[in-house]
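> Let me begin by handing over the structure; questions about it come next.
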Amino acid sequence: MSGRGEFDWIRSRLVPLTRNHAAARGLADDAAVLDCPPGHELVIACDTLVEGVHFLPGDTPHTVAARALGSNLSDLAAMGADPLGYLSAISWPQDRSEAWQNEFTQALGEIQDRYGVVLLGGDTTRTPGPLTLSLTLIGQVATGAALSRSGAQPGDVVWVSGSIGDAALGLAWEQGDASLPAETAHRYREPEPRLAVGQGLAGLASAALDVSDGLVADAGHLAAASRVGIEIDLPAVPLSATCEAWVSGQGDAGLIRLITGGDDYELLFTAPVSATPRILALGELCGVRLTQIGRAVSGQGVVCRDGEGRAVPVATPGFTHF
Ligand SMILES: [Mg+2]
C-alpha cells in the first residue's frame with residue numbers, strides 16, 4: 001500500500017488497536033517510544049506467519065489473528081515476561097477482501113484485550129504472494145529474572161503445562177481428516193499462551209521454553225541448550241480427555257503422533273526436585289495442570305520410555321522449519 005490508501009488503512013484499522021496508549025503516539029510518529037520501569041528489562045520476540053505454511057488458506061480471520069498473537073505471546077510466556085504491546089507488519093495479498101481485513105483487525109483487538117497488550121506500531125503493504133504477518137511482541141521482566149532454555153541440571157524434574165497433542169489433531173481435522181475428534185480444532189485455532197505460569201516460574205524453573213514444534217522436538221532444544229539429556233515417561237504425558245479417548249485405539253503410533261505434532265503452546269520446563277511443592281501450588285493458583293513427565297540426566301538428546309521403562313523410538317521428533 002502507498003500514499004493515501006495506506007494512511008487511511010492505518011488510521012481506521014490500526015490506530016484503534018493502540019487503545020490510546022501513549023507509547024504508540026497515535027501511530028503518527030515514525031516510531032513508538034516505550035518507557036521501561038526501573039529494575040526491569042524489556043523482552044522482545046518476533047514471529048512470522050505465512051499463509052499456507054503456518055496457517056491454512058481457508059482459516060478464518062479470527063483463527064489467523066489468534067494464532068499470530070497467541071504464538072508470539074507464548075514466546076513471552078516462555079521467558080517469564082509480562083507482555084506490554086506489539087508491532088505488526090502485515091503484507092496483504094492483492095485480492096484480500098475489505099470484509100476479511102475488517103474481521104481480522106476486529107479479532108486482533110479482542111485477543112489483545114484478553115492478554116492486556118496494545119498495538120504500539122505497525123506497517124502494512126501489498127504483496128503478490130501469500131498473506132504474511134509478522135508480529136513483534138514486547139514484554140518486561142524484573143532484571144535478571146527472565147527464564148532461559150539453558151539452565152537445566154542433571155537430576156532436575158521435567159514438567160509440562162496443560163495437555164499435549166490436541167492442536168496436532170485439530171490441524172489435521174481442519175485439513176479434512178474427519179476421523180479425528182472435532183473438539184480438538186479449537187486448540188489449533190486459538191492457542192492459549194501460558195503467561196501466568198511463565199511469570200510464576202521465575203526463580204523456580206531452571207530452564208523453560210514453549211512447545212511449538214512438538215513435545216519431543218522442543219525437549220531436544222532444551223536438552224541441547226542446557227547440555228543435558230532428557231528422559232520422558234510416555235505414560236505421564238498429560239492428555240486431554242478427548243486425546244486420551246482417541247489414543248486408546250491407536251497404540252504407540254497414536255501417542256507418538258501427539259508428542260511430535262506441535263502447535264501446543266504449552267510450557268516445557270525443568271526445576272530441581274525441591275521446587276516441586278511450589279510448582280504444584282503455582283499450577284493451582286493459575287488453574288493450569290502442571291505435570292511431571294520425566295527428568296534431566298547427564299548426556300544428551302531425548303529418550304522416551306514406555307510404562308516398563310523401555311526406550312520407544314521416535315523417528316521424527318517434530319516440525320522442522322527448513
Ligand atoms: Mg518459542
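> All but one of (1) farther than 27 Å from Gly198 by Cβ; (2) in contact with a strand residue (DSSP E or B) (Cβ under 8 Å, 6 or more places away or on another chain); (3) loosely packed, with under 15 Cβ neighbours inside 10 Å; (4) aliphatic (A, V, I, L, M) hold for Leu131; state the number of the condition that does not hold.
(3)
> Can you confirm whether Trp9 is touching a strand residue (DSSP E or B) at 6+ places or on another chain (Cβ under 8 Å), touching a residue at least 60 places away in the same chain (Cβ under 8 Å), more than 16 Å from the ligand (Cβ to nearest atom) and in a strand (DSSP E or B)?
Values: touching a strand residue (DSSP E or B) at 6+ places or on another chain (Cβ under 8 Å): yes; touching a residue at least 60 places away in the same chain (Cβ under 8 Å): yes; more than 16 Å from the ligand (Cβ to nearest atom): yes; in a strand (DSSP E or B): no.
No: the conditions fail for Trp9.
> Also, quick follow-up: Tell me which residues, restricted to the stretch 208-228, are more than 13 Å from the ligand (Cβ to nearest atom) and farther than 14 Å from Pro317 by Cβ.
Result: Ser226, Arg227, Val228.
> Of these, Gly85, Gly70, which one is under 24 Å from Thr143 (Cα atoms) and not basic (Lys, Arg)? Write out each step before concluding.
Working: Gly70 fails: under 24 Å from Thr143 (Cα atoms).
Just a single option satisfies the conditions, and that option is Gly85.
> Please determine, by comparing only the residues of the stretch 259-305 that are farther than 17 Å from Leu222 by Cβ and in contact with an Asp or Glu (Cβ under 8 Å, 6 or more places away or on another chain), which one is surrounded by the most Cβ atoms within 10 Å (Cβ to Cβ). If you could, list the steps in order and put the result at the bottom.
We begin by selecting, within the stretch 259-305, every residue farther than 17 Å from Leu222 by Cβ; these are 261, 263, 273-274, 276-278, 280-289, 305.
After this cut, where a residue has to be in contact with an Asp or Glu (Cβ under 8 Å, 6 or more places away or on another chain) as well, the list is 273, 305.
Working: Val273: 10, Arg305: 16.
By that ranking, first place goes to Arg305.
> Sticking with this structure for a sec: Select from the stretch 140-170 the residues that are hydrophobic (A, V, I, L, M, F, W, C), in a helix (DSSP H, G or I) and within 15 Å of the chain's Cα centre (by Cα) and list them in ascending order.
Taking the stretch 140-170 first, the residues hydrophobic (A, V, I, L, M, F, W, C) are 141-142, 145-147, 152, 157-160, 164, 167-169.
From what is left, the residues that are in a helix (DSSP H, G or I) are 167-169.
Residues satisfying the conditions are Ala167, Ala168.
> Kindly evaluate Leu17 against the criterion of being in contact with a helix residue (DSSP H, G or I) (Cβ under 6 Å, 6 or more places away or on another chain), outside the structural domain of Gln175 (by TED's automatic domain parsing), in a loop (DSSP other than H, G, I, E, B) and away from the ligand (no atom under 16 Å from the Cβ). Talk me through it step by step, then tell me what you get.
Values: in contact with a helix residue (DSSP H, G or I) (Cβ under 6 Å, 6 or more places away or on another chain): yes; outside the structural domain of Gln175 (by TED's automatic domain parsing): yes; in a loop (DSSP other than H, G, I, E, B): no; away from the ligand (no atom under 16 Å from the Cβ): yes.
No; evaluated as a whole, the condition is false for this residue.
> Any residue at all in the stretch 240-258 that is away from the ligand (no atom under 16 Å from the Cβ), touching a residue at least 40 places away in the same chain (Cβ under 8 Å), among the small types (Gly, Ala, Ser) and surrounded by 17 or more Cβ atoms within 10 Å (Cβ to Cβ)?
yes
> Answer with yes or no whether Ala23 is in the same structural domain as Thr132 (by TED's automatic domain parsing), touching a residue at least 60 places away in the same chain (Cβ under 8 Å), within 16 Å of the ligand (Cβ to nearest atom) and surrounded by 15 or more Cβ atoms within 10 Å (Cβ to Cβ). Walk me through it before giving the result.
Details: in the same structural domain as Thr132 (by TED's automatic domain parsing): yes; touching a residue at least 60 places away in the same chain (Cβ under 8 Å): yes; within 16 Å of the ligand (Cβ to nearest atom): no; surrounded by 15 or more Cβ atoms within 10 Å (Cβ to Cβ): yes.
Against the criterion (in the same structural domain as Thr132 (by TED's automatic domain parsing), touching a residue at least 60 places away in the same chain (Cβ under 8 Å), within 16 Å of the ligand (Cβ to nearest atom) and surrounded by 15 or more Cβ atoms within 10 Å (Cβ to Cβ)), Ala23 does not qualify.
> Looking only at residues in the stretch 188-207 that are in a loop (DSSP other than H, G, I, E, B) and more than 27 Å from Asp59 (Cβ to Cβ), which one is farthest from the ligand (Cβ to nearest atom)? Reasoning before the result, please.
Of all residues in the stretch 188-207, those in a loop (DSSP other than H, G, I, E, B) come to 190-194, 201-206.
When the remaining residues are screened for being more than 27 Å from Asp59 (Cβ to Cβ), the result is 201-206.
Details: Leu201: 15, Ala202: 17, Gly203: 21, Leu204: 19, Ala205: 15, Ser206: 18 Å.
Looking at residues that are in a loop (DSSP other than H, G, I, E, B) and more than 27 Å from Asp59 (Cβ to Cβ), I get Gly203.
> So which residues in the stretch 48-99 are free of Cβ contacts under 8 Å to residues at least 60 places away in the same chain, aromatic (Phe, Trp, Tyr) and more than 16 Å from the ligand (Cβ to nearest atom), if there are any at all?
Correct list: Phe55 only.
> When only residues in the stretch 182-197 that are out of contact with any strand residue (DSSP E or B) (no Cβ under 6 Å at 6 or more places or on another chain) and within 18 Å of Ala145 (Cα to Cα) count, which is surrounded by the fewest Cβ atoms within 10 Å (Cβ to Cβ)? First the steps, then the outcome.
If we filter the stretch 182-197 for residues that are out of contact with any strand residue (DSSP E or B) (no Cβ under 6 Å at 6 or more places or on another chain), which is where we start, we get 182-193, 195-196.
Filter once more, keeping what is within 18 Å of Ala145 (Cα to Cα): 195-196.
Values: Leu195: 22, Ala196: 15.
Per the criteria, the residue is Ala196.
The values are calculated or read from the model by the stated rules, or taken from the named source; none is laboratory data. The model shown is predicted, which means the values in this text are computed figures rather than measured ones. Note that each Cβ is placed from the backbone with ideal geometry, even for glycine, and that neighbours are counted across all protein chains shown.
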